[in-house]
Amino acid sequence: MGLPRKLAGLVALRPDIAVLSEVACPEKLRREAPQLSGVPIVWVGSNPNKGLAVVSFTGSGLELDGSY
């Protein structure tokens, strides 16, 4: 939780892909952290405030596997 305030540290690591637990849904994340606009995010969860996200910092497309 609190990804927007930790985002600078994450970006400084220069990951290609990040798997993040207990993060808000993409709509909330992008509202709170505009620097994520246009960044591919796949998210799963039942609570819009806590889910699992995969973020592609290279711009590569992501999609949730159909078997999920």
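The values are calculated or read from the model by the stated rules, or taken from the named source; none is laboratory data. Just so you know, these numbers come straight off a predicted model, no measurement behind them. Cβ sites come from the backbone with ideal geometry, for glycine too, and all protein chains shown count toward neighbours. Protein only, heavy atoms only, side chains kept; ligands, DNA and RNA dropped before computing areas. Shrake-Rupley method; radii C 1.70, N 1.55, O 1.52, S 1.80 Å.
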Revision key, fill the gap. Burial-style ranking of 2-11, 17-26, average other-beta-carbon count within 10 Å with highest first, yields 17-26, 2-11
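At 0.36 nm per residue, and after removing the present C-alpha to C-alpha distance, how many nm does the segment from E22 to Y68 gain when stretched out fully? Each step should come with its number before you reach the end.
Values: separation 46, 0.36 × 46 = 16.56 nm, distance 1.86 nm.
Contour length minus Cα-Cα distance gives 14.7 nm.
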Review point. In whole Hz, what ³J(HN,Hα) sequence does the stretch 7-17 give by Karplus (6.51, -1.76, 1.60; θ = phi - 60°), x for Gly and Pro?
Key: 4, 4, x, 5, 4, 4, 6, 6, x, 6, 9
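According to the square roots a ≥ b ≥ c of the eigenvalues of the Cα gyration tensor, what is the shape class of the chain, taking rounded for a/c under 1.5, prolate for a/b larger than b/c otherwise, and oblate for the remainder?
Values: a/c = 1.67, a/b = 1.15, b/c = 1.45.
Cα axes put the chain in the oblate bin.
Dipole size in debye (nearest 20) for the chain around its Cα centre, Lys and Arg Cβ +1, Asp and Glu Cβ -1? Show your work: numbers first, answer last.
Values: 7 positive and 6 negative charges, 67 e Å.
It works out to roughly 320 debye.
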Check your understanding: Once every DSSP H run of n ≥ 4 in the chain is given -39500 (n - 2.57) and the sum is divided by its residues, what mean residue ellipticity at 222 nm do you get, rounded to the nearest 500 deg cm²/dmol?
Key -> -7000 deg cm²/dmol
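Measuring with a 1.4 Å probe in the full set of protein chains, what accessible area per residue, in whole Å², belongs to the chain?
On the way: 4530 Å² over 68 residues.
Per-residue accessible area for the chain comes out at 67 Å².
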Practice item. Could you calculate the contour length gain from L13 to F57, that is, 0.36 nm times the residue separation minus the distance between their Cα atoms, to one decimal place in nm? Key: 14.8 nm
Practice item. Taking the dipole about the Cα centre of the chain, with the C-beta of Lys and Arg at +1 and of Asp and Glu at -1, give me whichever of L10, V55, P26 is farthest to the positive side. Key: L10
